[in-house]
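A short write-up of the structure that comes next.
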Amino acid sequence: MRIKLTVGAALAGIAVLLSQAPLWAHHAFAAEFDEKKPVNFKDATVTRVQLINPHSWIYVDVKMPDGTVENWAIEAGSPNILLRRGITKDTLKVGQKLIVDGYQSKDGSHRANGRDLTLPDGTKLFLGSSGDGAPYEVQRPGIDTK
Amino acid sequence: MRHRYIAPLGALALMLALISLAAVSMTGQAQAPKPAPATTPKAAPAATAKPGLPKPGPAPKTAWGDPDLQGTWFIMENVPLERSAANANKQFLTEDEVAALDKQKAADPGRNARSGNTEQDVSGAYNAVFNSVLKTSKRTSMIIDPPDGKIPPLTAEAQARLGRGGRGGGIPGGGGRGNAATINDNPETVAQSPRCLGVQMPFLATNPLFAQGTVMQIVQGPKSMSIYMEDDHAGGGNRVIFMDNRPHMPSTVKSVLGDSRGKWEGNTLVVETTNFAQGFRGANPDTYRMIEKFTRVDSNDLRREITFIDEKTWTRPWTIMIEMGKTDDKRHMIFDSACHEGNYGLTGILVGARREEQAQKK
């Protein structure tokens, strides 16, 4: 099977998420991405990064279990949001390995939203801003700061 | 994809409705309009040093001797448009209060909580991959006049025009407003953003979780100045402000960004914008105008004040102040505001609305 079905880790605080998530959050991604098609790529290699409005895209080559390689596009935030978070055009380089956890688009194309993007050393990409590279961000203890 | 726009606009509509209702419920609206106040904006006390930047130097001048407003300017702190009830009578928070609020924001698990329920998990993806939480400003409202930090009450005429919960006042649906129940009836009533009609004036950071209203670039000449306003979804906007004493366009010529004329008063560029095709916060576009003051405070900081004047809508003019700054070079960048994904938004919204109608009939 090309797409491994995964069960997302259920963190405490789902109720808090539901009560505090922005009003629009309940519609947007569910309209574009398919909750029945989670993707979890353990071995993805960055081939291209597009910092563009309205959303940035990270292209990755993914080794499939049958040995073939597929190129997938992973959606992320707008460039100035990523810049504000300390992510610049130099943050992700071609050839960089990534673990992608997300959901495939409903039209069945090789696109997914980046629910969690993780570097091989376990660092969550984007989800923690990079310390003093994001001076205007609210820093979260244990995530953005040690 | 289409719902990505419907829902935020719904939220915006709801917010506008609440504001309108609050304004309508206030009394004492029928005062004579007062002239635009001569504001002396107060900078937030003890502005914190901006990390990664050299100490601010004096405001630079252009080669031809005018104050130099040029550069990419960035909203660096979160300031609400109106002051909350919790901060009534308080123009500035203390450092301790700011720290406490930021601590609260930092602890919000909603910033990347995952869910075992995949439907919730997909919907909750507006996490830190997609948004950014700016630090809290000491300033408790963008509004500096009236002193209570609130939009003034509506005139009796505006209440009658806008009706209970009414809003808009411009071309139908033009400002992303209109009646929420019928907004997706046809292409003309769909809000502005999904029609890729560019940013809306006055370009404010009212939802700084996202980039809208937070980044702009000024390019200046002796006789005109342009402001590129980046907006991730709606398509950007490029304002031109003429500074060569030419008169405003005839009142019959209207545009979304309005018609701007500027002149220097000391180190401040004072810009009057008229001829709007749509009002702001219920303003009547025929009588609504903006007086804007741009001041380069120092090498790192730009102050933008806007006085909103419409005697047909508000019982008095009101003024906001926006402080923008420069960031380090890697964060200076301005990006083309391509319209939304694939430019299929409008078709998708209309098709979706028709399908929902059919489903309701069944």
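The values are calculated or read from the model by the stated rules, or taken from the named source; none is laboratory data. Everything quoted here is computed from the prediction, not taken from an experiment. Note: ideal-geometry Cβ built from the backbone for every residue, glycine included; neighbour counts use all protein chains shown.
Remarks
- Residues in region A:31-47 that are of a type in the set (D, E, K, R) and buried (at least 16 other Cβ atoms within 10 Å of the Cβ): A:E32, A:D34, A:E35, A:K37.
- Yes/no for B:S84 being modelled with pLDDT of 90 or more and not hydrophobic (A, V, I, L, M, F, W, C): yes
- Complete set of residues in region A:48-63 that are surrounded by 16 or more Cβ atoms within 10 Å (Cβ to Cβ) and part of a loop (DSSP other than H, G, I, E, B): A:L51, A:N53, A:P54, A:H55
Residues are listed down the side, and each one gets a yes or a no for (1) at pLDDT 85 or above; (2) closer than 30 Å to B:R355 by Cα; (3) not in a strand (DSSP E or B):
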{"site": "A:V46", "(1), (2), (3)": "yes, no, no"}
{"site": "A:P65", "(1), (2), (3)": "yes, no, yes"}
{"site": "A:G95", "(1), (2), (3)": "yes, no, yes"}
{"site": "A:L117", "(1), (2), (3)": "no, no, no"}
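- Within region A:61-115, being of a type in the set (S, T, N, Q), over 19 Å from B:F210 (Cβ atoms) and in contact (Cβ under 8 Å) with a residue 60 or more places away in the chain holds for A:Q104, A:S105.
- Of the residues in region B:235-255, not one is crowded, with 16+ Cβ neighbours inside 10 Å and hydroxyl-bearing (S, T, Y).
- B:A191 vs. criteria buried (at least 21 other Cβ atoms within 10 Å of the Cβ), at pLDDT 90 or above and outside any strand (DSSP E or B): no
- Candidates in region B:186-216 are the residues that are among the β-branched types (V, I, T) and within 30 Å of B:E357 (Cα to Cα); of these, the one that is farthest from the other protein chains (Cβ to nearest Cβ) is B:T189.
- Top-ranked residue in region B:135-155 [being within 16 Å of the chain's Cα centre (by Cα) and not in a loop (DSSP other than H, G, I, E, B); ranked as farthest from A:L125 (Cα to Cα)]: B:I144
- Subset of region B:196-219 (residues that are in contact with a Pro (Cβ under 9 Å, 6 or more places away or on another chain) and either in a strand (DSSP E or B) or buried (at least 21 other Cβ atoms within 10 Å of the Cβ) (or both)): B:F210, B:A211, B:T214
- Inspection of region B:319-332 identifies at least one residue that is at pLDDT below 95 and either of a type in the set (D, E) or over 30 Å from A:L82 (Cβ atoms) (or both).
- Apart from one condition, B:V240 fits all of (1) of a type in the set (A, V, I, L, M, F, W, C); (2) touching a strand residue (DSSP E or B) at 6+ places or on another chain (Cβ under 8 Å); (3) touching a residue at least 24 places away in the same chain (Cβ under 8 Å); the exception is (3).
- Screening B:T268 with (1) within 19 Å of B:V240 (Cα to Cα); (2) crowded, with 19+ Cβ neighbours inside 10 Å gives one miss only, at (2).
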